[in-house]
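S.K.: Let me give you the structure first, and then I'll get to my questions.
The values are calculated or read from the model by the stated rules, or taken from the named source; none is laboratory data. Computed from a predicted model, the values in this text were never measured in an experiment. As a convention, Cβ positions derive from the backbone with ideal geometry for all residues, glycine included, and neighbour counts pool all protein chains shown. What goes into the accessible areas is simple: the full protein's heavy atoms, side chains included, and nothing from ligands, DNA or RNA. Shrake-Rupley method; radii C 1.70, N 1.55, O 1.52, S 1.80 Å.
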Protein chains: 6
Amino acid sequence: MKVLVVNVNTTQSMTEAIAARARQAAAPGTEIEALTPHFGPASVEGNMESYLSAVAVMDRVLAYDGPYDAVIQAGFGEHGREGLQELLDVPVVDITEAAAHLAMLIGRTYSVITTLDRAVPQIEDRLALAGLLGRCASVRASGLPVLELEQNPDRAVKEIAEQAVRAVRDDRAEVIVLGCGGMAGLEEAVRERAGVPVLDGTAAAVKLAESLTGLGLSTSKIRTYAPPRPKPMTAWPLGAQLGLWHPREARTRS
Amino acid sequence: MKVLVVNVNTTQSMTEAIAARARQAAAPGTEIEALTPHFGPASVEGNMESYLSAVAVMDRVLAYDGPYDAVIQAGFGEHGREGLQELLDVPVVDITEAAAHLAMLIGRTYSVITTLDRAVPQIEDRLALAGLLGRCASVRASGLPVLELEQNPDRAVKEIAEQAVRAVRDDRAEVIVLGCGGMAGLEEAVRERAGVPVLDGTAAAVKLAESLTGLGLSTSKIRTYAPPRPKPMTAWPLGAQLGLWHPREARTRS
Amino acid sequence: MKVLVVNVNTTQSMTEAIAARARQAAAPGTEIEALTPHFGPASVEGNMESYLSAVAVMDRVLAYDGPYDAVIQAGFGEHGREGLQELLDVPVVDITEAAAHLAMLIGRTYSVITTLDRAVPQIEDRLALAGLLGRCASVRASGLPVLELEQNPDRAVKEIAEQAVRAVRDDRAEVIVLGCGGMAGLEEAVRERAGVPVLDGTAAAVKLAESLTGLGLSTSKIRTYAPPRPKPMTAWPLGAQLGLWHPREARTRS
Amino acid sequence: MKVLVVNVNTTQSMTEAIAARARQAAAPGTEIEALTPHFGPASVEGNMESYLSAVAVMDRVLAYDGPYDAVIQAGFGEHGREGLQELLDVPVVDITEAAAHLAMLIGRTYSVITTLDRAVPQIEDRLALAGLLGRCASVRASGLPVLELEQNPDRAVKEIAEQAVRAVRDDRAEVIVLGCGGMAGLEEAVRERAGVPVLDGTAAAVKLAESLTGLGLSTSKIRTYAPPRPKPMTAWPLGAQLGLWHPREARTRS
Amino acid sequence: MKVLVVNVNTTQSMTEAIAARARQAAAPGTEIEALTPHFGPASVEGNMESYLSAVAVMDRVLAYDGPYDAVIQAGFGEHGREGLQELLDVPVVDITEAAAHLAMLIGRTYSVITTLDRAVPQIEDRLALAGLLGRCASVRASGLPVLELEQNPDRAVKEIAEQAVRAVRDDRAEVIVLGCGGMAGLEEAVRERAGVPVLDGTAAAVKLAESLTGLGLSTSKIRTYAPPRPKPMTAWPLGAQLGLWHPREARTRS
Amino acid sequence: MKVLVVNVNTTQSMTEAIAARARQAAAPGTEIEALTPHFGPASVEGNMESYLSAVAVMDRVLAYDGPYDAVIQAGFGEHGREGLQELLDVPVVDITEAAAHLAMLIGRTYSVITTLDRAVPQIEDRLALAGLLGRCASVRASGLPVLELEQNPDRAVKEIAEQAVRAVRDDRAEVIVLGCGGMAGLEEAVRERAGVPVLDGTAAAVKLAESLTGLGLSTSKIRTYAPPRPKPMTAWPLGAQLGLWHPREARTRS
């Protein structure tokens, strides 16, 4: 099976890091294809950027020319998953939700350690909408901007681990979720310091995409995620209109 | 004061209907400027379209060249309000929330009557995120697509009123909210049949925008709605990149 | 239009302060008539006093001889709003709810800074019943009794601002609501120290009363707020029975 | 021990019926003293009347000249219990809450069958504030006004039982609570028809008052129910000011 | 009436302490019969032990040969109450719930002080399932294992009181509940230090069992607590199969 | 990897059906070992039986002599998962939760169709404790006892599908979960009739066990699921005491 893992920002090095983590998690026979949006912000840290990214991710998937069996939206706490579910027939897994689902299986509560303080409310909202906030002990910010994570991995581990320790001690978290796609690969270092299981969303999403595909399951189309109704659309898909990709590349199925 | 009322779809006649309702609600001295997005769907009926519309609305406001004191997002249950709040210093009022706020002041519960069944979950989610779902008795669908509302106003009143009557009787609603920007102007006809107060979101939003401006209040910038951080952005604003408007038109303040 | 602003206690100087704030907030053409109950406590700080005050406020409105278009109950977190809604045909706005409604439009969360610790549960209960507690970050007490607010405004600002700062920092509040009718006028001083928008309930209530009246909306009479059923009542209205006002003064409409 | 059972309305025959039920429930050694307010409505069916009744009940207890060990507020879903708790050192038990507490011990869910439809929201609110709404399957109205209950007991049983049957079948209630003080004595007739245990609030309150007294427990005075602060009060207690009772009768302890 | 009070562990001295507290709380005419399970753990501190204990308690009640009027499960936060309710026709009262019910009658909020940190989630879950968590301010651990409570009563009081003080100050608790059957008898010492009413679950359960029996009420059998359906069972009752008691001892009614 | 799939009842044919479904879902390389408890009820339909089953399942796993990598508890809505998590170091997956997790990934809401009406509350409780009830549209009963499912598969499909259709239409479910281990294999037949994806818990649990194992994750031992503390235990493990298995068979790791 082939899984598209779509980064939510335009930073190629981050796409590569996410792809590496996805490949590490993948079962034999699972092929990972990592995509970077054709437009949008270099990192997503706020609602305005997240809405733009949601559209850029949908656009990027439409631009992908070839078959695939599942799509992973690899941005933590970002808008857009519902749109992909409407557009596609294959399963769509958001890394925020994937991490929360697996965390709830191995601990009574979990905490998310994310980047900036401003990301906290957005993550809480996404978890709430997915029905996964009840067992979330806290969402904490490490204070590190997204792009600094890869520039300074030592500091990243230090700051994330510090918040993880507080989450376990003060918020009674039993599992830690790394709250940014760019934190993939830091699990072991954080686990050592926090003393509880640590989860990365991309890895979790790969396993859940494999699970759904393995059981022959995909998105219910009965109501919320029914395909868009046919209607006039101006300048869509945006990337094609902008000349960033060519419509003939578009997949037939979407 | 000047209020920008931004339609969420590209249908000009709907922009005009919304503008007319807004002007009717406006106090003397409130100027209404109605805007239509430069791109996006002809009507918004689902998440994929709503995410695209969210971006198109932000783009449209950035394209507006001139001063203004408040912005109204005139789509019911749509994504995007948080992005506008980050981009702008003036108050931003979403018509979904505006209607719910006023409804809660005049009844213990309210019901929303919207267009298609598929819109129901999205409206519930937006009300939940805004903290306004607790007193919502139900969100009901009339079965009418957005664009049919203006083509067939008699049928619209009939179908909407039928659901309103059921909401009052079966769901114990005490106030009815019209759940689509395109229903503006149907209040009186529905009120006569349902026997309870009926609210239109655009009208409510105009009064709340006037209220906030009148008290010198605007969006808190301390955390969730802080301005976007400066960073590389590809192809933003989209409308300008697409040649739909010219960057020199952009407002300085945003 | 004329708005009755009813203080909940018998302290005339507080009625005047509230009236001043209401007039400052009022649009041109909005006349403010401030009323003091004919009986009850000098300040309301607890349930026993609040229940008595609820009755005294209803009694005071019944005693008012003349037309009016809306009524504001100017006590923070007090009982009684539902009773007024049953008695009257015009909109009734409680300052607690008014402040919360506007706060939710300009921030994701708000905190209330009130007077004594004992007032906190009552405010939480009133917000919960109104369906407005979900986005309330905290209700904090400044430790100042109601009547000390006007005797010692400098200390009031200092204590309120200190709690406001903590609410923003520790409870993640994005907007501050002044939790006592007697705090009207302190907004600017608290805002300077807390760094977030600050709202006074009386001012908010004036704008919402104007909004409802401007849209021709009033309380739904279908169920919860239906008029009292005709029946024998002993000693009602109490103020008239006590000789504090004369029944012939009573408004015909109530 | 002596328990004051205070009717919330001025209808003497209803006080007597409540007293009879209380005496039937009382353990040997428990003396029941039933009181009727000195003023207020003949029946309580709505918020305005309920607020007035709350004050009349407090006034009536203050007028009582003699020792007592607990107070029962015998109105279903009415305001006022918190005020009594502030005024008194002895336990105060509200019949609404008492019934819910015992119902939750003998079934997973319970439904309340009350009088008029307009009483439903008020009962829901009181249960919510008491933290007892989570296991309430429904509050249903029989359509019978309070005073008709004793005039037409056969019809009362028929209408109440019909709603009880629906609550068990449609709302999945496992216990029925009689939702009006005036329904005392109908338990057996309703139980026969509904096939589940049926509870009367007055009886439940007597047992809970005995329980608290038996364990030497009374209201916590640390915060919410602290005694009223000393301050000027106009025309309080109202009944004394109205000449309905004489201040020299007042208990020293309150 | 006779009440069976069943300890959840096999420690005889703890059964005796619980029995003593139950007898102290019992009304004249209430006979207390205290039972110790025939098998299971010496103390219950975790889910595995609690599930085993749940079965051992049911087994012990089945082994009891003689009439009784109510059963009390005297373990705090333990599994099993629903099973007893299915097996028996008489009322079943769990001490966790009993304490919470009475606590809610005398304060707006309560906190539980239990033994080990690991017991906290289990207690929260049991309160949540019983619909009693809403007014629970916190569940705090004293750090003392169950069996140390009786070995070191002075230290027990010190540690429990310390957490009680924090619960009142930091969590805004107004009542303290002793969160272990083995804490019976420490109420007064903790109350002196914490300054708020303190409740023991066993005592509370005795009064509630008396209340239900006094009103002729028992478990609703309509759905959740219907008797087990007749079917093949291997090795049940376990204690009889293990030769720990003889089937001829079993009560006819169960 | 080897996964133990433990049936919750003693009916061997049901163990085999569950094993077959598990093997069908398993990835290449996943070995399924299906176990039947040594004691307990022939089917689990209520709390008393479920508590007994919880203990029998723990006992059965302890009796298993050999290595394994994960344990699946194959009973829908049953007690006991937390106990297994304390006893074991490998991941434990409950089929109720597994089905809900996957259902939430492919639809906004899901409904469970179970056997008897009396099972409904227990399933709701288990989902609530797992933090998975928020997106559950309903739990419906087909009216079929557990053991009749395999005796009458045609009727089973008919009754289950009928409730599934109602769940989709009336409760707005977008995914159906089969609410009994014994329904494994009916997915396709129900899906055809209901028109939405249908999930079996055993299959879902196999994929989630593979997911956790594949990522090297297991239960957090920091608090709720810490191993039982060493202490005297009477007659544990029960099966060994009963001579149903021999202690020397017990795994060293547990």
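S.K.: Taking the rotation axis that maps chain F onto chain D, which residue of F brings its Cβ closest to that axis, and at what distance in whole Å?
M.R.: So the chain F residue sitting closest to the axis is F:D170, 7.
S.K.: Next up: Average partner chain C-beta neighbours within 10 Å, per residue of F:31-41?
M.R.: Mean shielding by partner chains, rounded to a whole number: 2.
S.K.: Which distance in nm do the two modelled labels at D:E188 and E:E16 give, with both placed 7 Å along the Cα-to-Cβ direction?
M.R.: In this crude spin-label approximation the distance works out to 4.6 nm.
S.K.: Sum up the charges of everything whose Cβ sits under 12 Å from the Cβ of A:L147, counting Lys and Arg as +1 and Asp and Glu as -1, but leave A:L147 out.
M.R.: -1
S.K.: Please list A:4-14, A:165-175, C:47-57 highest first by mean number of surrounding beta-carbon atoms within 10 Å per residue.
M.R.: C:47-57, A:4-14, A:165-175
S.K.: Going by average Cβ density within 10 Å per residue, which order do the peptides C:119-129, B:152-162 take, highest to lowest? Could you put the intermediate results ahead of the total?
M.R.: Working: C:119-129: 21.5, B:152-162: 17.5.
The packing order, highest mean first, is C:119-129, B:152-162.
S.K.: Averaged over its residues, how many other protein chain Cβ atoms are within 10 Å of peptide D:237-246's Cβ atoms?
M.R.: That average works out to 3.
S.K.: Given Cα positions, please report Rg to Rh for the range E:96-201, the hydrodynamic radius being the Kirkwood one. Mind dumping the intermediate values first?
M.R.: Details: Rg = 12.1 Å, Rh = 13.1 Å.
My calculation of the ratio gives 0.92.
S.K.: Related question: Kyte-Doolittle cut-off -0.5, length cut-off 18 Å along the helix's own axis using Cα: show which whole DSSP H helices in chain C pass.
M.R.: Correct list, ordered by number: C:12-25, C:47-63, C:201-214.
S.K.: What shape does the protein assembly as shown have by the C-alpha gyration tensor, where a ≥ b ≥ c are the square roots of the eigenvalues, rounded means a/c under 1.5, and otherwise prolate means a/b greater than b/c and oblate the rest?
M.R.: Because a/c hits 1.5 or more and a/b fails to exceed b/c, the protein assembly as shown counts as oblate.
S.K.: Can you sort E:W236, B:W245 by solvent-accessible area, 1.4 Å probe, largest first? If you can, show how the numbers build up before the last one.
M.R.: Numbers: E:W236 40, B:W245 5 Å².
Largest accessible area first, the residues go E:W236, B:W245.
S.K.: Sticking with this structure for a sec: Given the Cα atoms of the range F:68-141, and with Rh set as the inverse mean 1/r over their pairs in the Kirkwood sense, what is Rg to Rh to two decimals?
M.R.: 0.98
S.K.: More than 35 Å apart: what percent of Cα pairs in chain E qualify? Don't jump to the answer; show the numbers that get you there.
M.R.: Numbers: 3548 of 32131 pairs.
Taking all Cα-Cα pairs of chain E, the fraction more than 35 Å apart is 11 percent.
S.K.: Summing +1 for each Lys or Arg and -1 for each Asp or Glu, what net charge is found among the other residues whose Cβ lies under 15 Å from the Cβ of C:M1?
M.R.: -2
S.K.: Past 19 Å, Cα to Cα: identify those pairs from C:K158/C:K207; A:K2/A:K221; E:K158/E:K207; C:K2/C:K207; A:K221/F:K207; D:K2/D:K207, in the order given.
M.R.: The answer is C:K158/C:K207; A:K2/A:K221; E:K158/E:K207; A:K221/F:K207.
S.K.: While we're here: Of all accessible surface on chain C at a 1.4 Å probe, what whole percent is carbon and sulfur? Let's see the in-between values first.
M.R.: On the way: 3500 of 7450 Å².
Using a 1.4 Å probe with all protein chains present, chain C comes out at 47 percent carbon and sulfur.
S.K.: How well do other chains shield peptide F:202-212, expressed as the mean number of their Cβ atoms within 10 Å of each residue Cβ?
M.R.: Per residue, the number of nearby Cβ atoms from other chains is 5 on average.
S.K.: A further question follows. First select every other residue whose beta carbon is under 11 angstrom from the beta carbon of F:D94; then total the charges, Lys and Arg +1, Asp and Glu -1.
M.R.: Within the 11 Å Cβ shell, the charges total -1.
S.K.: OK, next. What accessible area, summed over both chains, is buried at the C-D interface (1.4 Å probe, Å², nearest 100)?
M.R.: Approximately 4000 Å², summed over both chains.
S.K.: Let me ask something additional. Got a sec to turn the phi values of the range C:85-91 into Karplus ³J(HN,Hα) couplings, 6.51 cos²θ - 1.76 cosθ + 1.60 with θ = phi - 60°, whole Hz, x for Gly and Pro?
M.R.: Rounded to whole hertz, the list is 5, 5, 6, 10, 8, 8, x.
S.K.: Nm distances between the label at C:K231 and the same-position labels in the remaining copies, 7 Å along Cα→Cβ, shortest first?
M.R.: Nearest to farthest, the other copies are at 3.1, 5.1, 5.1, 5.5, 6.3 nm.
S.K.: Once phi is turned into θ = phi - 60°, what whole-Hz ³J(HN,Hα) does the Karplus curve with 6.51, -1.76 and 1.60 give for every residue of the range F:143-150, x standing for Gly and Pro?
M.R.: Ordered by residue, 3J(HN,Hα) equals x, 8, x, 3, 6, 6, 4, 7 Hz.
S.K.: Averaged per residue, what accessible area in Å² does the protein assembly as shown show with a 1.4 Å probe, protein chains only?
M.R.: Here the per-residue accessible area is 29 Å².
S.K.: Put the label 7 Å from Cα along Cα→Cβ for D:P247; what are its distances to the other copies, in nanometres, shortest first?
M.R.: Copy-to-copy label distances at D:P247, shortest first: 2.7, 7.8, 8.1, 8.1, 8.9 nm.
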